[in-house]
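All remarks here apply to the structure that follows.
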Amino acid sequence: MSEDIHNTSQQSDYWTQRYEDKMTGWDIGYPSTPIKEYVDQLEDKSIDILIPGAGNGYEAEYLYNQGFVNTHILDISRIPLKEFESRMTDFPKDQLICENFFSHHGQYDLIIEQTFFCSFPPHRENRINYAYKMHKLLKPKGRLVGLWFDMPLTGDLTKRPFGGSKKEYLGYFKSLFETKTFERCYNSIGPRQDNELFGIFVKK
């Protein structure tokens, strides 16, 4: 059966099984350094933030503890959300969202990308849908900020994470976003060194 990113039941079952089997190689156990250092530069702590595909939500935990109280995390599996809730007992329950990203409605000043884009089978249609959905969820002049894997696709459509190139990604984003920066990440964690691009995109 081919994978349909819009099929909530199929996606939920897949990712829940990954958590149950502890096949969570993307989970580094702490906030990613590039995201943390970007957050440390933000001054307005009232902004509405979304982290889709948040998993165990270490970036969200860091944000909330730094005073960004309007941080929302979204995941299609309840398992990581329950784990997050057990760690962060004072985090607002209505900001823990178990939903398919493509069905989500909301408006945000900032959306953080962290190993989410690379989780979708890398068909052109999926990547276009991602770009349009990000654009729709952002407020005017809202920002999409984060990390994209800079590595060739292998042709294996079952082995995540899926990579791509700067040129390819910009092809999806350029009509929807102004590119503030999109360069090789200098402060990636060790296992991802030289394999990440850090981007800041502003909604047109």
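The values are calculated or read from the model by the stated rules, or taken from the named source; none is laboratory data. What you are looking at is a predicted structure, and each value in this text was computed from that prediction instead of being measured. For neighbour counting, all protein chains shown are included, and Cβ atoms are generated from backbone atoms with ideal geometry for every residue, glycine included.
In table form, for the structure just shown:
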item	result
Within the range 36-58, considering residues that are at pLDDT below 95 and under 20 Å from residue 137 (Cβ atoms), the one surrounded by the fewest Cβ atoms within 10 Å (Cβ to Cβ)	53
Selection within the range 178-197 - under 16 Å from residue 117 (Cα atoms) and not acidic (Asp, Glu)	182, 192, 195, 197
Subset tally (residues that are out of contact with any Cys (no Cβ under 7 Å at 6 or more places or on another chain) and modelled with pLDDT of 75 or more) for the range 17-35	6
Hits in the range 105-151 (condition: of a type in the set (Gly, Ala, Ser) and within 21 Å of residue 184 (Cα to Cα))	119, 131, 146
Test: residue in the range 123-136 that is modelled with pLDDT of 95 or more, in contact with a helix residue (DSSP H, G or I) (Cβ under 7 Å, 6 or more places away or on another chain) and β-branched (Val, Ile, Thr)	yes
Residue in the range 69-104 that is surrounded by the most Cβ atoms within 10 Å (Cβ to Cβ), counting only those that are aliphatic (A, V, I, L, M) and under 24 Å from residue 7 (Cβ atoms)	73
Count - residues of the range 56-73 that are in a helix (DSSP H, G or I) and touching an Asp or Glu at 6+ places or on another chain (Cβ under 9 Å)	2
Scope the range 140-193; condition without any contact (Cβ under 8 Å) to a residue 40 or more places away in the chain, touching a Leu at 6+ places or on another chain (Cβ under 7 Å) and among the acidic types (Asp, Glu); matching residues	183
Residues that are in contact (Cβ under 8 Å) with a residue 60 or more places away in the chain and outside any loop (DSSP other than H, G, I, E, B), drawn from the range 74-83	75, 78, 79, 80
